Amino acid sequence: MQNTTLILLLGAMAVVAFYFGRSRSLALVGGASKSAALHSLPGYYGYFTVVWCLLPALALMLLWLLFEPRLVVAFVVSGLPDAERQMTGGELNLLVNNIQNLASGDAVSGEVDSVLRAAADRYNEISQWSRRLLAVLVLGIAGLGATYAWRRIQPDLRARNRVEQVILYLLVAASSIAILTTVGIVLSVLFEAIRFFQKVPLTEFLFGLNWSPQTAIRADQVGSSGSFGAVPLFTGTLLITAIAMSVAVPIGLMTAIYLAEYSSARMRAIAKPLLEILAGIPTVVYGFFAALTVAPWVRRAGEGLGFEVASESALAAGLVMGIMIIPLVSSLADDAIHAVPSAMRDGALGLGSTRSETMTKVILPAALPGIVGGVLLAVSRAIGETMIVVMAAGLAANLTANPFEAVTTVTVQIVTLLVGDQEFDSAKTLAAFALGLMLFLVTLCLNILGLRFVRKYREQYD
Amino acid sequence: MTMAAMSELDVNKEPPVSPAPVEEPVDTTRKPDARSPHRPVSGQLTELLDETVGNVHCDDPFMTARDVNVYYGDNHAIRNVNLEIGKKEVIALIGPSGCGKSTFLRCLNRMNDSIDTARVTGDIRLDGMDIYSKELDPVALRARVGMVFQKANPFPKSIYDNVAYGPRIHGLAADRAELDNIVHTSLERAGLLQEVKDRLDEPGTGLSGGQQQRLCIARTIAVNPEVILMDEPCSALDPIATARIEDLMDELSEDYAIVIVTHSMQQAARVSKRVAYFHLGLLVEVDETDRIFTNPQHKLTEDYITGRIG
């Protein structure tokens, strides 16, 4: 039986269970007119039955589908002739693959002999049996569960509380998905990074001043020191981030101040959505804006002033990234300014402050924690930003603080390391995961710092 | 409502008279009252109150309001209010919620300017100077007419900086010593110095509610205003803190004109020399405090102070 059919059947059973549960609760007290004698509304008894009908059955189905493929393969392998069972892991995997392909009618590598044919038939047979067994078990458990719940229904059964308990568990499960995913991502990056650090010492990665991952993939150069030093990447990232923030923070902050305190309602109604459009432009578009428009302009302007400017300068990438972050800064700062109680504003105005005195001496200090938190969030956004720097920053890992030179960033290197066909056990590829881990740790620390800062000072103004 | 309660109500032929919300004029005037069968109904209220009863004038007027009207958009919040506020007197504005007393108060230092839809007409003068004239800078006006708010709103700064804020922005102190002096004097006059003199560097938001309100008063008098407006300054305070602030008002009235909005008639009776009763945007009655509370001229005033409305 197909899984979809099974699920549809389960759904139908749930509807029936609801109806029976509900009507039994009413029947027990003698009709809808006396439903006040029930502990919960009749519908809750219906849902109670549905929960007992569905949850055990679905749990079994999930477990079954998780373990079924392995069990089926194990059965098939155990039925193979001795010669095949002596195979090494790799060969056996290939064989099992072939059996599965043959069973589902796909192309098979090598000759199809009688052993393979027999195994494939056996595979199909076991799979079908498994499906049938699953269907019977699932429907049976659903029926049993529903009956059990149906029999337990009594006027004083606290069906409402039980159903709400189940809903609570569902909510917990839903919210843990995001958390578990984060943990999973961290772990996957962590394990790859550990593999990297088995090949390259941690100290070299953290303190090495040279980054040239290309040379290390050749067998005769493995271990040549100095090629996996991440310092130039992090300085490059910091340089571009610093440029971006020095654009985004003043402009974003001034925008927020203007919009929150000075602009007319009309102006605000126009400017706010426009800023949000800026936030909605895909970063790849910013990327070619940086590479094709800003970078040549920066180079010409620099040359006009007598500087030597690389065509992929840190300045161009940083400027465009800063523009991209303006809406983030301005909207977070706007929130922080709006969160300052209007009593502060009134108090300052009542003492005879001008608007700007009110702003600079009272509102901004009061909103500062929120603004700083917002800026830190913006910094972690800038550090993690990829597309703009991939397109507009260079690939040369220069250790420099000169914004006119080309620098490269952590994210750019991760992209270049992983683009294209790669072997996943060379230090070069694994370096991407180590970089990713570092990047994750840095932005995590910034976020924690930002949130702590916001929390520490927030309570003062409530 | 449960069934039982409903049936109880049905039996009760006359529903219990509960204090009606005063924003609805119909309720306040329609209530049956055996002693005055010819009470005015809402439509006639405006005509009946062409003239404010009592005496809007005072001996030594410092602020004068003439034919003041305030509109919030289409809402006519204050109608034809005339009032004089004397030098060195405490005048209390009382009345039910939404009667316009706070609105009138905020006209006196142009705090209504910050509300886009608010429009003020009429003539308000401070010491003979039209405070709504085009040439007048509202910022300078507010330094002369200080304000204390309903909820204590100390700035998120140290106690010292809170009081020093006004003198600093107005450049009242030439050097640090002078500023120290102003801060100490103001705190002392606000009756707060003894409690905070050892912790002037601590944030003003860490003080208790009553202390915060006195800090706000100290902050206001540090600018050396001529008039102090107080918008229900004690409504969030306990009786002890309230008593301290009332004592303080008494002392301050030797130097300043104080206009206080209050919901507490006892407070009005305790602190003020004159009382103005507002009702639905109209100034109903103004008189000496004693006269208002012992012998009110207008029926609405009498109803309010005897607790029949509001």
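Read-outs: derived from the displayed coordinates by stated rules, not from any lab. Every value quoted in this text rests on a predicted model; they were computed, and no experiment measured them. All Cβ positions, glycine included, derive from the backbone under ideal geometry; neighbour counts span all protein chains shown.
Details
- Sorted into 5 angstrom bins from 0, the C-alpha pair distances of region B:24-305 split as 1, 6, 12, 16, 17, 15, 13, 9, 5, 3, 1, 1, 0, 0 percent.
- Calculated translational diffusion coefficient of region A:69-116 (25 °C, 0.890 mPa s; Stokes-Einstein with Kirkwood radius over alpha-carbon pairs) equals 221 µm²/s.
- For region B:74-88, 3J(HN,Hα) computed residue by residue from phi via the Karplus equation (6.51, -1.76, 1.60; θ = phi - 60°) reads 8, 7, 8, 7, 9, 10, 6, 8, 10, 7, 10, 10, x, 6, 6 Hz, glycine and proline entered as x.
- Alpha-carbon centroids, region A:116-166 and region B:249-310: separation in whole Å: 78
- Under the span-like rule (Cα at least 18 Å along the axis, Kyte-Doolittle mean at least -0.5), DSSP H helices of chain A: A:3-29, A:42-78, A:89-104, A:114-152, A:159-199, A:231-257, A:265-280, A:314-339, A:364-384, A:427-458
- Here region A:216-461 yields Rg over Rh of 1.07, to two decimals, using C-alpha coordinates and the Kirkwood radius.
- Distances between every pair of Cα atoms in region B:126-237, grouped in 5 Å steps from 0 to the bin holding the largest one, split as 2, 13, 22, 23, 19, 11, 6, 3, 1, 0 percent.
- For region B:202-310: relative contact order, % (alpha-carbon pairs under 8 angstrom, 6 or more apart): 18
- Annotation: the antiparallel percentage among DSSP beta bridges lying fully within the protein assembly as shown is about 55.
- Under-27-angstrom lysine pairs by C-alpha in region B:24-305, whenever the two are 8 or more apart or on separate chains: 17
- Per residue, the convex hull volume that the Cα atoms of chain A enclose (Å³): 262
- Projected over all directions and averaged, the alpha-carbon convex hull of region B:86-153 occupies 5.8 nm².
- The translational diffusion coefficient of the protein assembly as shown, from Stokes-Einstein at 20 °C and 1.002 mPa s with a Kirkwood hydrodynamic radius over alpha carbon pairs, comes to 62 µm²/s.
- Separation between Cα centres of region B:125-167 and region A:403-417, rounded to whole Å: 55
- Altogether, the Stokes-Einstein calculation at 10 °C and 1.306 mPa s, with the Kirkwood radius of region A:55-159 over Cα pairs as Rh, returns a diffusion coefficient of 98 µm²/s.
- Those lysines that a straight Cα-Cα span of less than 27 Å connects to residue A:428, excepting residues fewer than 8 apart in one chain: A:199
- Based on Cα contacts under 8 Å between residues 6+ apart, region B:180-224 shows a relative contact order of 52 percent.
- Computed from backbone phi, the HN-Hα couplings of region B:240-256 come to 5, 4, 4, 4, 5, 5, 5, 4, 4, 4, 4, 5, 5, 5, 5, 10, 10 Hz, rounded to whole numbers (Karplus: 6.51 cos²θ - 1.76 cosθ + 1.60, θ = phi - 60°; Gly and Pro given as x).
- Relative contact order %, chain A, counting alpha carbon pairs below 8 Å whose residues are six or more apart: 16
- Coordinate range along principal axes, alpha carbons of region A:28-95, Å, largest first: 75, 18, 12
- Computed over the protein assembly as shown, the per-residue total of -39500 (n - 2.57) for DSSP H runs of n ≥ 4 gives a 222 nm mean residue ellipticity of -19000 deg cm²/dmol, rounded to 500.
- If only the Cβ of Lys and Arg carry +1 and only the Cβ of Asp and Glu carry -1, the dipole of region B:24-305 around its Cα centre is close to 460 debye.
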